1. So how much slack lies between residue 121 and residue 30, counting 0.36 nm per residue of separation and subtracting their Cα-Cα distance, in nm?
2. Please calculate the 1.4 Å probe accessible area of residue 95, with all protein chains present, and give it to the nearest 10 Å².
3. Distance between Cα centroids, the stretch 91-164 to the stretch 2-73: provide it in whole Å.
4. If you count only protein heavy atoms and use a 1.4 Å probe, how large is the accessible surface of residue 19, to the nearest 10 Å²?
5. Give me the percent of accessible area attributable to carbon and sulfur for the chain, probe 1.4 angstrom.
6. Quick one: ranking 102, 123 by accessible area, 1.4 Å probe, largest first, what do you get?
7. List every residue whose amide H lies under 5 Å from the amide H of residue 27, counting only residues 5 or more places away in sequence or on a different chain, with H placed 1.01 Å from N in the peptide plane.
8. Given Cα pairs under 8 Å that are at least 6 residues apart, what percent is the relative contact order of the chain?
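The values are calculated or read from the model by the stated rules, or taken from the named source; none is laboratory data. The shown structure was predicted, so the numbers you read here are calculated from the model rather than taken from an experiment. Positions of Cβ are generated from backbone atoms using ideal geometry, with glycine treated the same way; all protein chains shown enter the neighbour counts. The accessibility values were calculated without ligands, DNA or RNA, using every heavy atom of the protein model including side chains. Shrake-Rupley method; radii C 1.70, N 1.55, O 1.52, S 1.80 Å.
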Amino acid sequence: MRVEDIRDLFAYNAWANGRILAAAEGIGEAEYTAVVPGLSHGSLRATLVHLLAAEVVWRQRCLEGLSPDRLLGEADLPTFAALRERWAAEEAALHAGLAALTNAVLAETFDYRTTRGAPMRDTRWKLLVHAVNHGTQHRAEAAVALTALGRSPGDVDYIVYLRQ
C-alpha cells in the first residue's frame, strides 16, 4: 500500500461521509434521535457519532501515536450542528496527518492500546484501510435510515466516487 492509495481512500471516505451528512442536514430532532430497527447503534445520531468517533480514534492512533481511552459519545455531540462542526475539524486534522505521511511510516508496525487499555500491535496501512472500511458499514446503515425518511444520500459506492 502506498501513501497515494491511502490518501485516495480517505478522499473517497470524506466524499461518502459528505453525502450522508448532506442528506441528514435539516433533519428534525425526533427523526435524528429515534431508534431505527437495524441500526447497530440504535439511532441515526448514535450511528453518525460512532462513525465520527471511530475516525477520530483511528487517526489519533495511526497518525499521532496516541491511544485514546474513550470514544466520543452522543453527550459530546448532542446536536447535528455540533456533529457537523466536529466533523469539519476532524477532516482538517486527518488531511494534515495524511499530508505528512510517508510510505515508510505507512508500512510500519506499531503499538497502541484499545480504549479499554488492551495492548495491540498492527501495521499502520492496514488499520487505515480498516478505518475506511468500518465507515462503509455505518454509512450504509445511515443511508438505509435516511432513505426510509425520504432523504436518500444516493449511491455512496467507491466506483461512483471514482467516476465523478
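1. 28.6 nm
2. 130
3. 9
4. 70
5. Here carbon and sulfur together make up 55 percent of the probe-accessible area.
6. On the way: 102 65, 123 30 Å².
Of 102, 123, the descending order of accessible area is 102, 123.
7. Placed amide hydrogens put nothing under 5 Å from residue 27.
8. Values: 177 pairs, mean separation 55.2, N = 164.
34 percent.
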